[in-house]
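Enquirer: Can you read through this structure? Questions will come right after.
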Amino acid sequence: MEPVIVIGAGLAGCECAWQLARRGIPVVLHEMKPTKMTPAHHSEAFAELVCSNSLRSDQLENAVGLLKEELRCLGSLILACADTHRVEAGGALAVDRHGFARAVTQTVRNHPLITVVEGEVTALPEEGQVVVASGPLTSDALSAHIQARYPQQHSLNFYDAAAPLVTFESVDMEQAWFASRYDKGTADYINCALTAQEYAAFWEALCQAEEAPVHGFEDSGVFEGCMPVEVMARRGVDTLRYGPLKPRGLKDPKTGQEPYAVVQLRRDNAEGSIYNLVGFQTHLKWPEQRRVFSMIPALKNAEFVRYGVMHRNTYLDSPRLLDRYYRVRTEPRICFAGQITGVEGYVESTASGCLAAIELARRLEGKKPADFPRETAIGALALYVSDESVVDFQPMNVNFGIIPPLGYKVKGRGKRNKNAELSRRALSALALVET
Ligand SMILES: Cc1cc2nc3c(=O)[nH]c(=O)nc-3n(C[C@H](O)[C@H](O)[C@H](O)COP(=O)(O)OP(=O)(O)OC[C@H]3O[C@@H](n4cnc5c(N)ncnc54)[C@H](O)[C@@H]3O)c2cc1C
């Protein structure tokens, strides 16, 4: 059998290659690292997590928790490696990013049906089955080729931001304490309190701090899910206190009271030696990050091991380009997978790689499509991304809004019960899908 060509060994590309190979289909996986690096990738490993080490909620009352469970049911490599390398993070699935990436890389490289080819791909191969999983930071040459190849559709650029990392040693634990919000799960977050006065000074400094120049960046173009903390701050004095600095459900053990504002730090590696500032994606100049973030009392002597950065993010106008199998409608031998399709997030990118591979494998084996139903999170995401009625297409995290309602009332009150029921229905529907 002719090998399938997969471009990009990120989350979507590795998942896709693995799902094809485990079905007996040979794969040639092209990855430009380390010969050429994107502005956000730093390691040679595949499936590098470029920002947060959290794959978000792992609970079935949450749509991304459901998507994870579906991926586990589908034998996902990314989820298996994430589960093996998880670090404590309350109800979320966070991972030791290096252990995780190493495990994915080894499994992919060691698979006898996967051949890895190093180097940048600058144009789509003119023959064979191709999956483009080159991510939000697809190299310029390949982006230009894709744009020229599908001129009636357009790919769009915008910017994403990453949060800084600090060493645990440098956090002043006299001014901070371990806890999870509402004491849910284990006490995994470091909580750094600010008084009203400290918050006011911090907010003012943040609003006035100097940003790094980013060509073409405008507040209005910022993707809401990854908004820089300084942009959020400028929206109003209390905006941060309803966002990343929300104090609700956190009592300072020193006072027994909810502080005025709280910055949370989440463990970034298995050893617990590095923590990230939750929700502090930023594109301030680096010395400004040090100056302003050190105004948080527990971080006054913080040692920054990585500063926040801001990058381009490229995605297709998929509703006009792709079908529910992530194939180009006018050229079905070409598939896209991952963030470039406009799914947003690590788990969503993985899910699109998984679905694209399963459907492609079935086609190559002469079987009918799996057609993941809309009731499943993985199916709903693909159907949303390829839905022509979506006019102003924006990258989309998985959410229960794209899954059809139950059509009946769930006993007991609250959204959590309803969401849990939607998840139960999804997993039952998934069990009936022939993959
Ligand atoms: C700065 C930044 C921060 C982000 N933070 C988060 C976050 O905190 N949480 C979250 O859920 N999502 C985040 N995202 C969004 C997204 O989920 C991730 O980018 C995710 O890694 C996407 O997976 P992917 O497989 O589509 O792409 P990637 O993981 O980026 O993989 C693409 C691979 O393709 C390679 N490649 C690119 N061009 C070529 C070429 N021409 N030839 C060969 N190889 C090529 C790249 O080197 C890379 O290894 C962030 C995105 C960015 C840009």
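The values are calculated or read from the model by the stated rules, or taken from the named source; none is laboratory data. Everything numeric in this text was worked out from a predicted model, so none of it was measured. Ideal geometry is used to build each Cβ from the backbone, glycine not excepted, and the neighbour counts take in all protein chains shown.
Enquirer: Considering every residue within region 297-309, establish whether at least one is within 30 Å of G353 (Cα to Cα), surrounded by fewer than 18 Cβ atoms within 10 Å (Cβ to Cβ), at pLDDT below 95 and within 23 Å of the chain's Cα centre (by Cα).
Expert: Looking for residues that are within 30 Å of G353 (Cα to Cα), surrounded by fewer than 18 Cβ atoms within 10 Å (Cβ to Cβ), at pLDDT below 95 and within 23 Å of the chain's Cα centre (by Cα), one finds at least one in region 297-309, hence yes.
Enquirer: Still on this structure, I have one more. Please go through region 338-354 and pick out each residue that is touching a Leu at 6+ places or on another chain (Cβ under 8 Å) and either of a type in the set (D, E, K, R) or more than 17 Å from L55 (Cα to Cα) (or both).
Expert: I340, T341, G342, E348
Enquirer: Among the candidates Q264, Q281, which residue alone is in contact with a strand residue (DSSP E or B) (Cβ under 6 Å, 6 or more places away or on another chain), among the polar types (S, T, N, Q), surrounded by 15 or more Cβ atoms within 10 Å (Cβ to Cβ) and modelled with pLDDT of 95 or more?
Expert: It is Q264.
Enquirer: Out of curiosity, is A82 in the same structural domain as E126 (by TED's automatic domain parsing), hydrophobic (A, V, I, L, M, F, W, C), buried (at least 20 other Cβ atoms within 10 Å of the Cβ) and within 13 Å of the ligand (Cβ to nearest atom)?
Expert: yes
Enquirer: Does E69 fit the bill of being in the same structural domain as T107 (by TED's automatic domain parsing), under 22 Å from L165 (Cβ atoms) and more than 7 Å from the ligand (Cβ to nearest atom)?
Expert: no
Enquirer: Take the residues of region 394-409 that are more than 16 Å from the ligand (Cβ to nearest atom) and either crowded, with 16+ Cβ neighbours inside 10 Å or among the charged types (D, E, K, R) (or both): which is farthest from L427 (Cα to Cα)?
Expert: The selected residue is K409.
Results for (1) surrounded by fewer than 21 Cβ atoms within 10 Å (Cβ to Cβ); (2) of a type outside the set (D, E); (3) touching a residue at least 60 places away in the same chain (Cβ under 8 Å), shown as yes or no for each residue.
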residue	(1), (2), (3)
Q19	no, yes, yes
L29	no, yes, yes
M37	yes, yes, no
A40	yes, yes, yes
S43	yes, yes, no
L55	no, yes, yes
N62	no, yes, yes
L71	no, yes, yes
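Enquirer: Continuing with this model, one more query. Please work out if S386 is away from the ligand (no atom under 14 Å from the Cβ), among the small types (G, A, S) and in contact with a strand residue (DSSP E or B) (Cβ under 8 Å, 6 or more places away or on another chain). Don't jump to the end; show me each part of the working.
Expert: Values: away from the ligand (no atom under 14 Å from the Cβ): yes; among the small types (G, A, S): yes; in contact with a strand residue (DSSP E or B) (Cβ under 8 Å, 6 or more places away or on another chain): yes.
Yes, satisfied.
Each row is one residue, and each column tells you yes or no for (1) over 17 Å from C354 (Cβ atoms); (2) more than 13 Å from the ligand (Cβ to nearest atom); (3) not charged (D, E, K, R).
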site: L93; (1), (2), (3): no, no, yes
site: V104; (1), (2), (3): no, no, yes
site: R109; (1), (2), (3): yes, yes, no
site: V116; (1), (2), (3): yes, no, yes
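Enquirer: Quick check, is V132 at pLDDT 90 or above, in contact with a helix residue (DSSP H, G or I) (Cβ under 9 Å, 6 or more places away or on another chain) and in the same structural domain as G342 (by TED's automatic domain parsing)?
Expert: Answer is yes for this residue.
Enquirer: Can you name every residue in region 399-431 that is over 18 Å from Y384 (Cβ atoms) and either outside the structural domain of L381 (by TED's automatic domain parsing) or part of a helix (DSSP H, G or I) (or both)?
Expert: K415, R416, N417, K418, A420, E421, R424, L427, S428, A431
Enquirer: Return the only residue of A40, A92 being under 18 Å from the mean Cα position of the chain (by Cα) and either within 26 Å of F178 (Cβ to Cβ) or not aliphatic (A, V, I, L, M) (or both). Before the answer, list the steps.
Expert: On the way: A40 fails: either within 26 Å of F178 (Cβ to Cβ) or not aliphatic (A, V, I, L, M) (or both).
A92 is the lone residue from the list that is under 18 Å from the mean Cα position of the chain (by Cα) and either within 26 Å of F178 (Cβ to Cβ) or not aliphatic (A, V, I, L, M) (or both).
Enquirer: Follow-up. Mind listing whichever residues of region 339-356 are out of contact with any Pro (no Cβ under 8 Å at 6 or more places or on another chain) and either crowded, with 24+ Cβ neighbours inside 10 Å or modelled with pLDDT of 95 or more (or both)?
Expert: Listed by number, the residues that qualify are T341, Y346, V347, E348, S349, T350, A351, S352, G353, C354, L355, A356.
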